[in-house]
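Note sheet for the following structure.
Every read-out reported here was derived from the displayed coordinates using simple, explicitly stated rules and does not represent laboratory data. Treat the numbers as computed from the prediction; the structure is a model and nothing was measured. Glycine gets a Cβ as well: all are built from the backbone with ideal geometry, and neighbour counts include every protein chain shown.
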Amino acid sequence: MNLPPCLSVRNGHLHIGRHDTVTLAARFGTPLYVTDEDRVRARYREVHAAFSSRYDRVRVLYAAKANGNPAILRALADEGSGADVFSAGELILALEAGMDPDRLLFNGSSKSPADLALAVEKGVRVSVDSLDELQSLDRIAGEAGETVEIAFRVNPALEVPTHPKIATGLRTSKFGIPASDILAAYRAALGCEHVRPAGIHCHIGSQILEVEPFARAISVMIDLAARLTDLGVRLRFIDLGGGLGIPYRRGTDPEPSFSDYASAVVPVFTEGVEEAGISPELWVEPGRYIVADSTILITGVNSVKEAHRRFVNVDAGFNLLIRPVMYGAYHGVVVANKADQAPAHRYTIAGPICETGDLLAEDRDLPAIARGDLIVVLDTGAYGFAMSSQYNGRPRCAEVLVRGSDAALMRRGETMDDLIAATERPPWQARR
Ligand code: LLP
């Protein structure tokens with residue numbers, strides 16, 4: 001079986017780190033997300049080393065949207081990571097986790113005045129996505145008597161091999177300022193009193209399994225950086241965004257490493273900056289690559305039904321993992337308590353949500369499955385819990401963190417009370 005590195009099979013059971021998933025399910029209940037902290041830390045180190053061994057002025061800004069649990073952010077802060085934050089909430093989470101404001105970048109194509117005011121208050125750099133936003137930020141920073149360092153988000157107009165919903169650098173995407181308008185944008189920023197252009201930013205898309213598109217992106221950025229330097233902008237950083245994917249179909253998908261990525265990008269970068277006579281920092285914003293394979297979703301089997309297909313009805317659906325439904329994404333599955341058994345039938349794993357599309361995995365050859373078995377969905381650390389909802393009146397499940405021989409909750413499961421905790425009773429609805 002082709003498993004992520006933090007998983008193994010012992011005594012017929014799937015283990016994460018040193019922990020038997022069957023024991024974890026009995027202790028914490030299902031559905032349950034479980035993350036191996038050592039794996040997250042190892043991946044961060046791998047990313048950082050891949051760059052810092054090739055260029056000494058590198059920053060890794062973990063994309064907090066992939067998994068914003070404070071325990072994950074804290075572990076990464078401890079490793080020295082910064083963060084790409086995409087909302088006021090992610091900014092607060094990152095600061096709470098102890099991340100240095102100097103290592104954060106506030107991204108986003110639609111920031112409210114309150115978002116911008118928070119960035120100013122916390123002393124965080126902003127990636128500005130429009131001229132309108134530039135004007136708002138200049139005014140808000142001015143009112144606070146501050147000056148904010150910014151980058152502009154560039155739309156590099158690049159086609160990339162990934163799902164169209166997550167190809168963010170397309171000419172037609174909502175993100176960024178077209179490369180042809182970028183010089184004018186920096187000119188406008190140079191004219192602002194309370195904004196200082198300090199960097200340039202792009203992000204071409206997510207779950208990209210080739211490194212060549214990143215080399216193309218950095219060369220677009222370098223070309224712009226040289227022109228901006230001529231314009232009088234002192235660039236302190238070039239931020240290439242995130243996007244390197246992971247092989248969800250292990251053994252079939254290409255498996256580019258961060259070392260492959262860095263060796264495609266850094267030479268283009270160093271040659272370009274030398275030629276332009278500048279020495280900016282190189283920033284990257286990986287999310288998925290750092291956390292995806294550290295985490296599993298354990299889900300219990302409520303029933304098995306032989307109908308048009310052999311359905312395994314489990315207790316987690318797209319309320320907890322929306323990627324298969326939203327992007328047609330593939331996630332490997334393992335029967336946790338029968339992990340050493342040979343496939344017996346072809347199964348489709350179906351969630352409990354009232355929609356036909358609520359399938360976590362289709363047509364998988366698995367050992368004979370019965371009520372009470374445990375299905376583990378692999379590689380769910382990125383955009384798993386982070387995209388969960390309470391749809392269909394389902395409280396979100398717990399998240400457990402393991403490290404060495406320790407296992408502890410990093411988020412309790414929501415209760416039925418949590419379904420109503422934030423609701424209000426309008427005064428005309430008398431309590432009966
Ligand atoms: N930086 C920016 C500005 C981004 O928008 C993103 C992701 C990242 C970095 C991190 O990208 P990564 O390294 O994780 O590929 N929910 C989708 C993925 C959406 C990604 C959005 N932006 C999924 O489940 O595949």
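Here are the numbers for this structure:
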read-out	value
Global form of the stretch 297-432, assessed from the alpha-carbon gyration tensor, a/c cut-off 1.5	prolate
The chain: relative contact order as a whole-number percent, Cα under 8 Å and 6+ apart	19
Calculated from backbone phi, Karplus (6.51, -1.76, 1.60) coupling profile of the stretch 369-374 in Hz, x at Gly/Pro	9, 10, 3, x, 5, 10
Cα shape, the stretch 1-74, gyration tensor, a/c 1.5 rule	oblate
Rounded if a/c under 1.5, otherwise prolate or oblate - the stretch 332-373, Cα gyration tensor axes	prolate
From the C-alpha gyration tensor of the stretch 236-332, square roots of 5λ in Å	42, 13, 10
Helix runs (DSSP H) in the chain reaching 15 Å along axis by Cα, Kyte-Doolittle at least 0.0	212-231, 258-276
Cα-Cα over 26 Å, subset of K65/K305; K122/K165; K65/K174; K65/K122; K65/K165	K65/K305; K122/K165
Sequence ranges 115-123, 239-247, ranked by mean other-Cβ count within 10 angstrom, highest first	239-247, 115-123
Amide H contacts of I177 (H built 1.01 Å from N, under 5 Å, at least 5 apart or other chain)	R153, V154, N155
Cross-link partners of K338 among aspartates and glutamates (Cα-Cα below 14 Å; sequence separation of 8 or more within a chain)	D20, D365, D373
Calculated FRET efficiency for the pair R27/S257, C-beta based, R₀ 45 Å, to 0.05	0.85
Rounded Å value of the spacing that divides the Cα centres of the stretch 339-383 and the stretch 392-411	20
Max mean-square fluctuation residue, GNM over the chain, Cα-Cα springs under 10 Å, options R41, R187, R396	R187
Amide H contacts under 5 Å for D373, placed H, 5+ residues apart	V301
Where only C-alpha atoms are counted, convex hull volume of the chain per residue in Å³	162
Placed amide H near E281: partners under 5 Å, 5+ positions off or other chain	F237, I238
Top of E355, E210, E96 by mean-square fluctuation, Gaussian network on the chain, Cα under 10 Å	E355
From phi via Karplus (6.51, -1.76, 1.60), per-residue ³J(HN,Hα) for the stretch 290-301 in Hz, x at Gly/Pro	7, 10, 4, 8, 8, 10, 10, 10, 9, 10, x, 8
Protection proxy ranking, peptides 152-160, 264-272, average beta carbon neighbours within 10 Å, highest first	152-160, 264-272
Fluctuation leader among A64, A94, A336 - the chain, Gaussian network, Cα springs under 10 angstrom	A336
Centroid-to-centroid separation of the stretch 237-261 and the stretch 113-162 [C-alpha atoms, Å]	28
